[in-house]
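Colleague: Could you have a look at this structure, given as structure tokens, before my questions?
The values are calculated or read from the model by the stated rules, or taken from the named source; none is laboratory data. Just so we're clear, the structure is a prediction, and the values are computed from it rather than from any experiment. With ideal geometry, Cβ positions are generated from the backbone for all residues, glycine too; neighbour counts draw on all protein chains shown.
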Amino acid sequence: MSDVQAVDDLMGELDFSPTALKSKYLEERDKRIREEGNDQYTEVTAEFSHYVDDPYAEAVEREPLFDEVEVAIIGGGFGGLLVGARLREAGFEDIRVIEKASDFGGTWYWNRYPGAQCDVEAYCYFPLLEELGYMPKHKYSFAPEIFEHSKRIARHYDLDKNACMQTCVTELKWDDSIDRWIIKTDRGDAMKAKYVAMANGPLNRPKLPGIPGINKFKGFTFHTSRWNYAYTGGDASGNLTGLKDKRVGIIGTGATAIQCIPHLGESAEQLFVFQRTPSSIDVRNNSETDQQWAESLQPGWQKERMENFNALVSGADRDVDMVSDGWTEIIRNLTGIVAKQASKSLGRRLTKAERAHLMELTDYKKMNQIRERAEAIVNDPQTAEALKPWYRQFCKRPCFHDEYLQTYNRDNVTLVDTNGKGVERLTENGVVANGKEYELDCLIFATGFEVATSYTRRAGYDIIGKHGQTLSDHWADGLRTLHGLHSHGFPNCFFIGITQGANTVNLPHALDEQANQLAYILSEARARDASTIEASAEAEQQYLDEIKRLANIGQRFYSECTPGYYNGEGTSGNSGGFFSNMYGGGSIRFFKLLESWRSDGDLKGLELK
Ligand code: NDP
């Protein structure tokens, strides 16, 4: 009898063959593995730098600044906004946000493509709803409302007053003689700051495929994160009238593409979707906010809801599923909760092998459902077949949409499936895929963002710490932090985001925990009259050891996945992947770690001077 027979008995007769599915998944993965891994992409610098120009604002002139602030926050997205908000609440007044865009919002400033929407429930995702007395209009909000909310936070906490917009940092250098950071920018500034919070965002740098002829195409091109409405017409809600006589191509079928493709399909004369790997598209089922429910909420509701959601999407069990959506449904069925139910039925704990087997079987079941959905919605059997994802659910970001698959039933929309190969090259006239040239007027890159490149490359500048040491050197062999926030040799500099911090579906939740942690640390430093705060070398090493100890989680899983940014383009399990630089113990444990560190009250691991 096999060591997983008990699980097989529990699952009963299956209407699929796990062995056949597994070998299909591996075959589809192998088709897509490319030796170049991440190097297959082109950086948006030099002749490609126009892909990151801001199409939404005119440049505004200002005089350079040489003044000093107590706290400089680099980045005006949710990370920067939450740090600003929590510091204001803790009594910090002298704050300056430095931001390359012309306004707050970060990802929601840049990603204005038609149909852009957040797939995490708005009541959990929008920061500071109770503090601002705001209630989102829908369960899943559209980008313009989230962008507006970002600006609302900035105004509410007066973060707009002293901000430097349209300003790119070019260098950050610690001056030992005055214990201050000197921040140089492309505006000729050389400002001083006692503290710097780095809130650059995790997916801030667009990438392009490194295919031959990438700069040859003579038609109109842009990346989805810099949507050109002057060309397409319309706005974030669609109605792209400028495309009515255009042959449009889009490369990519990830979370971004699936949201804008329905609008392109509706407006373009012809739309060609160039697909390398299909996304898994589950039901969205959006709804307007129920006003009666909103009015019935009691103080503290948002934190409670965020924690309930985070627990369920982290594999913990709860009596109630407050959000009750695709995320909680998928994760409940694929993690510890399903194992708990199985072990209840068996009357004993599952072995490691049984647990893994159970997860695999439930994953196959879920993905069969996703594949059946494509088949049920898409009329043309060949197109439906090409839209079926052959990998485990969390190999790629799960997507939720109720109009995407339906778009392929339109006569003007063609799916150009490349059987895992991707597009071959660009010509003056269009795209070559599967050996055929597709002539286009407009080509849109929905090809995502840099993930596995170095932190300083993505930031766009280096950080020069004590004794002239650069962050790129200090992190040459990988990130080194304490709690993801501090790095030895870089006093008074704090990293906000996913640098060895929590892995959560709801990123603003993790950002808020970090913001609270930072507000606590700076308040303590103030109370102790400290001029510098720095992680000790030992504390950094201990945390790194802990990160490494926990990092094996998911290694086998990701090595069997089809390539993507989750697994470092499939080259090495999950190392170099999106989650490899996060705390492997899970977000619940990570938040508890920070909380208990704060309640100890001795700032363990930090050196104050
Ligand atoms: P992704 O990296 O997820 O997708 C890039 C797409 O480009 C993939 O389909 C990829 O194919 C394709 N691609 C790359 N190179 C080629 C090539 N040479 N030929 C053909 N296709 C190619 O980027 P997205 O912008 O879609 O999403 C990035 C992330 O942004 C999401 O994972 C999510 O975290 C976030 N996001 C969140 C949303 C939300 O609702 N909260 C909405 C949108 C985005 P392949 O899969 O084969 O690599």
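Colleague: Return the residues of the stretch 16-39 that are within 16 Å of the ligand (Cβ to nearest atom) and not in a helix (DSSP H, G or I); say none if nothing qualifies.
Modeller: Scanning the stretch 16-39 gives I33, R34, E35, E36.
Colleague: Determine if the stretch 378-385 includes at least one residue that is closer than 16 Å to F272 by Cβ, free of Cβ contacts under 8 Å to residues at least 24 places away in the same chain and part of a strand (DSSP E or B).
Modeller: No, the conditions are met nowhere in the stretch 378-385.
Colleague: Failed condition for L346, given (1) over 26 Å from the mean Cα position of the chain (by Cα); (2) within 12 Å of the ligand (Cβ to nearest atom), with all others met?
Modeller: L346 satisfies every listed condition except (2).
Colleague: Only one of these conditions is not met by L129: (1) farther than 30 Å from D186 by Cα; (2) touching a helix residue (DSSP H, G or I) at 6+ places or on another chain (Cβ under 8 Å); (3) within 16 Å of the ligand (Cβ to nearest atom). Which number is it?
Modeller: For L129, the exception is condition (3).
Colleague: Continuing with the same structure: Just to be sure, is T407 modelled with pLDDT of 95 or more, polar (S, T, N, Q), in contact with a Phe, Trp or Tyr (Cβ under 6 Å, 6 or more places away or on another chain) and under 20 Å from C260 (Cα atoms)?
Modeller: no
Colleague: Out of N368, N419, report the one residue that is in a loop (DSSP other than H, G, I, E, B), polar (S, T, N, Q) and surrounded by fewer than 21 Cβ atoms within 10 Å (Cβ to Cβ). Break it down into steps so the answer makes sense when it comes.
Modeller: Numbers: N368 fails: in a loop (DSSP other than H, G, I, E, B).
Going through N368, N419 in turn, just one is in a loop (DSSP other than H, G, I, E, B), polar (S, T, N, Q) and surrounded by fewer than 21 Cβ atoms within 10 Å (Cβ to Cβ): N419.
Colleague: For V313, only one of the following conditions fails: (1) out of contact with any strand residue (DSSP E or B) (no Cβ under 7 Å at 6 or more places or on another chain); (2) in the same structural domain as V423 (by TED's automatic domain parsing). What is its number?
Modeller: Tallying (1) out of contact with any strand residue (DSSP E or B) (no Cβ under 7 Å at 6 or more places or on another chain); (2) in the same structural domain as V423 (by TED's automatic domain parsing), V313 fails exactly one: (2).
Colleague: Given the criteria within 16 Å of the ligand (Cβ to nearest atom), of a type in the set (A, V, I, L, M, F, W, C) and assigned to a strand (DSSP E or B), does F147 qualify?
Modeller: no
Colleague: Has the stretch 275-289 got at least one residue that is away from the ligand (no atom under 15 Å from the Cβ) and in contact with a helix residue (DSSP H, G or I) (Cβ under 6 Å, 6 or more places away or on another chain)? Walk me through it before giving the result.
Modeller: First, pick out the residues of the stretch 275-289 that are away from the ligand (no atom under 15 Å from the Cβ): 287-289.
Cutting the leftovers down to in contact with a helix residue (DSSP H, G or I) (Cβ under 6 Å, 6 or more places away or on another chain) gives us none.
No; the residues of the stretch 275-289 include none that is away from the ligand (no atom under 15 Å from the Cβ) and in contact with a helix residue (DSSP H, G or I) (Cβ under 6 Å, 6 or more places away or on another chain).
Colleague: Which of the residues that make up the stretch 256-270 are among the aliphatic types (A, V, I, L, M) and over 15 Å from L387 (Cβ atoms)?
Modeller: If the condition is that a residue be among the aliphatic types (A, V, I, L, M) and over 15 Å from L387 (Cβ atoms), then L264, A268 are the ones that fit.
Colleague: Let me ask something else about it. Name the single residue, out of those in the stretch 215-258 being of a type in the set (G, A, S) and part of a helix (DSSP H, G or I), that is nearest to the ligand (Cβ to nearest atom).
Modeller: We begin by selecting, within the stretch 215-258, every residue of a type in the set (G, A, S); these are 219, 225, 230, 233-234, 236-238, 242, 249, 252, 254-255, 257.
Imposing the further condition that a residue be part of a helix (DSSP H, G or I) reduces the set to 225, 230, 242, 255, 257.
On the way: S225: 7, A230: 22, G242: 22, A255: 4, A257: 6 Å.
Among them, the one singled out is A255.
Colleague: In addition: Looking only at helices (runs of 4 or more DSSP H) that lie completely in the stretch 491-609, which have at least 3 residues being away from the ligand (no atom under 16 Å from the Cβ) and within 23 Å of A199 (Cα to Cα)?
Modeller: Fully inside the stretch 491-609 and qualifying: 507-527, 537-550, 587-600.
Colleague: Let me ask something additional. Could you list, in sequence order, all residues of the stretch 434-466 that are without any contact (Cβ under 8 Å) to a residue 40 or more places away in the chain and away from the ligand (no atom under 16 Å from the Cβ)?
Modeller: Across the stretch 434-466, the qualifying residues are S454, T456.
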